[in-house]
Amino acid sequence: MSWYNFPVKRPVATAMFFCAILLLGLVGWERIPVELIPDLEGDRIYVDFFRLNSEPEVVEREILIPLEEKVSALEGVKETFGSINGSNGSLEIVFEPGTDIKIRQLELQRIAAELNREQPRGSIINVGGQDFSMISRIVMTIQVLGGDDTDSLRGFVEENLESRIAAVKGVANVFVMGGAPKEITIRVDSDKCSALGISPQEVSATLSRSVQRLRFLGGLEEGSIRTPVILDGRPKGVY
């Protein structure tokens, strides 16, 4: 009996074969997680710190060593890498696979805040992780083309499109990529800072807190009308 006559001569065996394939497919569909775009998440968190006008030995003793001691008590920590360059330093924390990075990052932010309160004025301890949420949750890409340069196109998108798209129902975030955002260069006079008793780092931190870009805060829905709520933190007269 030739192989191509087998399905005709053995219909029961043929039906059982295809039923087995169907059963395997159903089991795989229930047990194997499949995503069109996988939810990516890093396995490490970075801590950057700065202590004003301090020697590297002081930064290591007052910030890096206490930070490493508290970090080592966290669950899931695999290894840490610390480095110091002058008054600045950084700590890289690598976690075991399967660790909830978001929970660990919240705990590290609490540790950093407590440690920062013990430091002199002007010290900074910042916690940051690998955020792949933007990459893993993009569902639509809109490309804007035109005869102007990429910087002008970016400015057009930020001023005319970003807030409108963010106001569409169901849209969580809008990210603008390409070109360089508008910026203002501020030169700090160190002599005037010394005369006023403040440091250039304090001026920079104050500007960072005060000057912001357009931020979409949400929307107000009245019937079928949705009104976007936008916080404009840009300085007047520079846009």
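The values are calculated or read from the model by the stated rules, or taken from the named source; none is laboratory data. Predicted model, so just to flag it, every value in this text is computed and none were measured. Reconstructed Cβ throughout: ideal geometry from the backbone, glycine too, with neighbour counts over all protein chains shown.
Suppose we filter the stretch 190-211 for residues that are more than 18 Å from PHE49 (Cβ to Cβ) and not basic (Lys, Arg); how many remain? Write out each step before concluding.
Step one: of the stretch 190-211, the residues more than 18 Å from PHE49 (Cβ to Cβ) are 190-198, 203, 206-207, 209-211.
Restricting the remaining residues to those that are not basic (Lys, Arg) gives 190-191, 193-198, 203, 206-207, 210-211.
Number satisfying all stated conditions: 13.
Yes or no: the stretch 63-84 includes at least one residue that is among the aliphatic types (A, V, I, L, M), surrounded by fewer than 16 Cβ atoms within 10 Å (Cβ to Cβ) and at pLDDT 90 or above. Give the derivation first.
To start, the set of residues in the stretch 63-84 that are among the aliphatic types (A, V, I, L, M) comprises 63-65, 67, 71, 73-74, 77, 84.
Those left that are additionally surrounded by fewer than 16 Cβ atoms within 10 Å (Cβ to Cβ): 65, 73.
Among the residues that remain, those that are also at pLDDT 90 or above are: 65.
Checking the stretch 63-84: at least one residue is among the aliphatic types (A, V, I, L, M), surrounded by fewer than 16 Cβ atoms within 10 Å (Cβ to Cβ) and at pLDDT 90 or above.
Residues in the stretch 136-152: is at least one more than 21 Å from GLY122 (Cα to Cα), assigned to a loop (DSSP other than H, G, I, E, B) and among the hydroxyl-bearing types (Ser, Thr, Tyr)?
Here is the first cut: in the stretch 136-152, the residues more than 21 Å from GLY122 (Cα to Cα) are 136-152.
Filter once more, keeping what is assigned to a loop (DSSP other than H, G, I, E, B): 137-149.
With among the hydroxyl-bearing types (Ser, Thr, Tyr) added as a condition, the list becomes 141.
Looking through the stretch 136-152, at least one residue is more than 21 Å from GLY122 (Cα to Cα), assigned to a loop (DSSP other than H, G, I, E, B) and among the hydroxyl-bearing types (Ser, Thr, Tyr).
In the stretch 159-208, how many residues are among the small types (Gly, Ala, Ser), assigned to a loop (DSSP other than H, G, I, E, B) and either in contact with a strand residue (DSSP E or B) (Cβ under 8 Å, 6 or more places away or on another chain) or surrounded by 10 or more Cβ atoms within 10 Å (Cβ to Cβ) (or both)? Walk me through it before giving the result.
Pass one, the stretch 159-208, residues among the small types (Gly, Ala, Ser): 163, 166-167, 170, 172, 178-180, 190, 194-195, 197, 199, 204-205, 208.
Cutting the leftovers down to assigned to a loop (DSSP other than H, G, I, E, B) gives us 167, 170, 172, 178-180, 197, 199.
Those left that are additionally either in contact with a strand residue (DSSP E or B) (Cβ under 8 Å, 6 or more places away or on another chain) or surrounded by 10 or more Cβ atoms within 10 Å (Cβ to Cβ) (or both): 167, 178-180, 199.
Of the residues in the stretch 159-208, 5 are among the small types (Gly, Ala, Ser), assigned to a loop (DSSP other than H, G, I, E, B) and either in contact with a strand residue (DSSP E or B) (Cβ under 8 Å, 6 or more places away or on another chain) or surrounded by 10 or more Cβ atoms within 10 Å (Cβ to Cβ) (or both).
Give the residue, chosen from GLU107, GLU68, GLU162, that is assigned by TED's automatic domain parsing to the domain that holds ILE225, touching a Leu at 6+ places or on another chain (Cβ under 8 Å), more than 25 Å from GLU202 (Cβ to Cβ) and not polar (S, T, N, Q).
Details: GLU107 fails: assigned by TED's automatic domain parsing to the domain that holds ILE225; GLU68 fails: assigned by TED's automatic domain parsing to the domain that holds ILE225.
Selected residue: GLU162, the only one of GLU107, GLU68, GLU162 that is assigned by TED's automatic domain parsing to the domain that holds ILE225, touching a Leu at 6+ places or on another chain (Cβ under 8 Å), more than 25 Å from GLU202 (Cβ to Cβ) and not polar (S, T, N, Q).
For residues in the stretch 197-219 being modelled with pLDDT of 75 or more and of a type in the set (A, V, I, L, M), which is farthest from LEU161 (Cα to Cα)?
Per the criteria, the residue is ILE198.
Looking at the stretch 67-84 only, could you name the residues that are charged (D, E, K, R) and in a strand (DSSP E or B)?
Going through the stretch 67-84, the residues charged (D, E, K, R) turn out to be 68-70, 75, 78-79.
Within the stretch 67-84, LYS78, GLU79 qualify.
So which residues in the stretch 86-107 are at pLDDT below 90 and assigned to a helix (DSSP H, G or I), if there are any at all?
Listed by number, the residues that qualify are ILE101, LYS102, ILE103, ARG104, GLN105, LEU106.
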